[in-house]
Structures are given as structure tokens and as C-alpha cells.
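Right, one structure below, let's go through it.
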Amino acid sequence: MDKMVINGGKRLEGEVRISGAKNAALPVLTSALLVGGCSTFHNIPDLLDIKTIKKLLRSLGVRMEGGETLRIDASGITHCEASYDLVRTMRASILVLGPLVARMGEARVSLPGGCAIGARPVNLHIKALQEMGAEVTLKEGYVEAKASRLKGAEIYFDISTVTGTENIMMAATLAEGTTTLKNAAREPEIVNLAEVLNGMGARIHGAGNDVITIEGVERLHPVEATVIPDRIEAGTFLIAAGMTGGDVRLIGCDPLHLDAPIAKLRDAGMRVDAEGKTIRARGAETLRSVDVKTLPYPGFATDLQAQIMALTALADGLSVITETVFENRFMHVSEMVRMGADITIQGTSAIVRGVPKLRGAPVMATDLRASASLILAGLAAEGTTVLSRVYHIDRGYQEIEKKLSALGADIRRVPG
């Protein structure tokens, strides 16, 4: 099992190109299941989660070729079952449920796995499909759903759910009648998926707002579309610039997707300037403490909570980081404390008292974003940090060690 070895204290400087968004690519790729033909998708990142969804789609009889530009032909689906072995490592696998039921009339999908950062139940997906007329049962760890044709319905999500919104939005494209999603997720990834589906001939209105309407159509056609840049990767590199006192230009990103983190980094004393698809981030002589509360988009993303905590560990003063989305997302705290951070957990908040410096130490990743936060801490620390279980980082960051090295970091991957 590989490890990352980081010799800290190097200032980051230069340009880094932001990859396609994992959390946009996953639903976009599963949307190909709705079409009897070959679709082409650009800006697909090379990540472990993408490899997993491709393997899952192939198991259903989908043909594909390519890499960053990927051509997917789902005209010959042979199976409607997503097995436990394929689904257990990634919760986004549940996204095949809606498209399969909508187009094939049936699906059998294992309950998903993924990072151990809290309960993320699929009951909202199931309830919505039932309201659309599907017969849904839970049997031996699988969701089994059947419907000759889904019916349009008014769906209210008790909580804002990104994958739930995506799953039901895809299912509703081929339903009879109109479906209205209320309290729908508003993330840019939802908008990207809606644009792809509309390119296929769907009739979706309101994506990006909390009410989305979908007028069902008889069939969809192949599309050529592009995945948006990864706002979480971009935010991670912005924070890395701040923690190392660096000067980094992010190329190929969308600043409009990063309003909340950019505002917090400016509050912390950084200079962040955006123009077109480029953001320049410069560190401050002294970082200032900031309070952060994670919220669904357009609030501060939970996927950047661990990274901003690493920055506040070196800020002057006391910061309060409040997590409202996932209940188990402070597992990186104990590892940061090993590096000299002064962090105390009080309920759903972490109280961070900034220290003058962090020290390199052996640490272990517990989930995808925790991995990123510990790499950031290692970049800014004195001495050497060795990060174990780096397979987590490969799920969501494309060649992060190579990108950081090109900016001047002393980081390398070594066999475990």
C-alpha cells in the first residue's frame, strides 16, 4: 500500500491545471444509460472512483473507449444488476438506479459504500421512485425496483441530497408526465448534469434552484458534452497556496463555483483574484483566524472542511469550524493533533487555536478529504510527514503529488 512522503516548508509557486470534477463526472457517465447510442464526454478525470463507475457500467453491458475524452455506448445493456463487489467502495454507484429503472424498467443495485464519514441513506431515492410508481423492495442488501414506465410526481426531499436529486432527475427524464423536485440540491454538478440531459433531449427547468421541473419524454438521444472543473480540487490548491505563503495560479477552473471558500480565504488574509477561468492565490504574511460552517451549496462545502481546518491550525487566533452535513467528518483531527495542531472537538464544532508551526509526523488518512488536509498540513510543517492509506486520495485527486511537485513541493509517492 503506497504512502506519501512530504518534506515540508517549501513555498508553492506556479500554475496548476484543474481536472474535471469527480462529483460531476460520475452522474454524467451514468446518464449514458438512458440512451440507446454512443455519447461522448470530455474532461473526464483519471481517478479511482471513475475507474470504479466505468467497471460498473461495463458489467451492465455498456461499451466504452477513451480516457479524458470518453465514448460510451449503452445501446446493448445486458444486465440490470450492480453487484455488491462493484458498489461497496463508492456510494455514487447508486446513481445507476434511476436510469436503469427509467429505461429498462428494472434495476437491482447493492446498497452503496464509500468513505466512512457518516450516514448517507438512500431512503430518499427509494421514496421518490415509489412516488413515481415504482415497486421497490430491499432484499439481502439490494434495492430492487421495477416499473413498466415511471409516472411524473411531485417529490419533496426532506433534506437536500445531491445524489438523490441527480438520480431522480435522470429517472424523470423518461417518465410519463411532469416531475417536480422540491428542496432539490443546487450544486454546480446538478446544473452540469441537467445541461447534459437537456442536450440528450430532456426537458429540465430550474436546475441550480431548489425547485426543478422535468417534463418526461419518450426517448433521449446521444450527446457530446463536457464535465465542469473540480471546485473541490481548486479549493484545495487555493488553501495550499495560503498555507505555504505561496503564489499559485489555477488554470481551467470556474471562480463562480468557489464564492464561499474564496471569501473565507480573503478573510484569512490571503489575496485571491479571479479572471475568466483563472484564479491567482497569494498567501498572507500572517494568516488570520476564520469561523466556518459547512452548508449545502452555495454555502461552504463540507468537502473543503478538513482542508480549511488545516489552514486555521496555523492562523493567528481562535477559529471555530462547524460541520452540519456529515456527523463523522472530524476523523482527521486526531492526526492533525499528532502534527502539533491545537484542536478540540465540541459536539459538531472543532475549536482551533492557531499555532506558530506544525511538525512532520507519521499520519494516516481516514477518508478522501482528510487525506487532502493531511497533505496540506505536511506541506506547511517542519520536517517530514509520512501519510499512509493514500488510496483514499486517489479516489478524488488526479496525480496530486505530481501537480504539487510542479509547484515546488517536496512530495513523493513510495511503495508501502
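The values are calculated or read from the model by the stated rules, or taken from the named source; none is laboratory data. Everything numeric here is computed off the predicted structure, so don't read it as measured data. We place every Cβ from the backbone using ideal geometry, glycine too, and count neighbours over all the protein chains shown.
Looking at P255, P222 in this structure, which one is touching a strand residue (DSSP E or B) at 6+ places or on another chain (Cβ under 8 Å), within 30 Å of D291 (Cα to Cα) and at pLDDT 95 or above? Step through it out loud before you land on a result.
Working: P222 fails: within 30 Å of D291 (Cα to Cα).
Within the list P255, P222, the selection yields P255.
Scanning the range 404-416 for residues that are of a type outside the set (G, A, S) and in a helix (DSSP H, G or I) yields one hit, L404. Show the residue pairs meeting these rules: Cβ distance below 7 Å; 6+ apart or different chains; first residue within the range 355-368 and among the charged types (D, E, K, R); second residue modelled with pLDDT under 95 and surrounded by fewer than 16 Cβ atoms within 10 Å (Cβ to Cβ). Final answer for the pair search is D367/A116. The residues on offer are E401, E323, E382, and the sole one that is modelled with pLDDT of 95 or more, surrounded by 18 or more Cβ atoms within 10 Å (Cβ to Cβ) and among the acidic types (D, E) is E401.
Within the range 253-282, count every residue that is charged (D, E, K, R) and either free of Cβ contacts under 8 Å to residues at least 24 places away in the same chain or assigned to a helix (DSSP H, G or I) (or both).
Adding up the residues that qualify gives 7.
Taking the range 2-48 as the range and being on the phi < 0 side of the Ramachandran plot, of a type in the set (G, A, S) and in a strand (DSSP E or B) as the test, the residues that pass are G20, S39. Being of a type in the set (G, A, S) and in contact with a helix residue (DSSP H, G or I) (Cβ under 7 Å, 6 or more places away or on another chain) is the filter; apply it to the range 1-17 and report the residue that is surrounded by the most Cβ atoms within 10 Å (Cβ to Cβ). Restricting to residues being of a type in the set (G, A, S) and in contact with a helix residue (DSSP H, G or I) (Cβ under 7 Å, 6 or more places away or on another chain), the top hit is G8.
The residue that is farthest from the chain's Cα centre (by Cα), counting only those in the range 63-93 that are under 16 Å from T30 (Cβ atoms) and assigned to a helix (DSSP H, G or I), is L86. Candidates are the residues of the range 236-252 that are of a type in the set (A, V, I, L, M) and assigned to a strand (DSSP E or B); the one that is nearest to G299 (Cα to Cα) is L250. Kindly check whether there is at least one residue in the range 235-245 that is within 17 Å of the chain's Cα centre (by Cα) and not hydrophobic (A, V, I, L, M, F, W, C). So far as the range 235-245 goes, yes, one or more of its residues are within 17 Å of the chain's Cα centre (by Cα) and not hydrophobic (A, V, I, L, M, F, W, C).
Just one of the listed residues (R58, R11, R71) is farther than 18 Å from A225 by Cα and in contact (Cβ under 8 Å) with a residue 24 or more places away in the chain, and it is R11.
Where strands (runs of 3 or more DSSP E) fall wholly inside the range 339-403, the ranges with 2 or more residues that are closer than 27 Å to M90 by Cβ and of a type outside the set (K, R) are 362-364, 384-388. Looking only at residues of the range 385-398 that are buried (at least 24 other Cβ atoms within 10 Å of the Cβ) and not aromatic (F, W, Y), we find that the one that is farthest from G360 (Cα to Cα) is G396.
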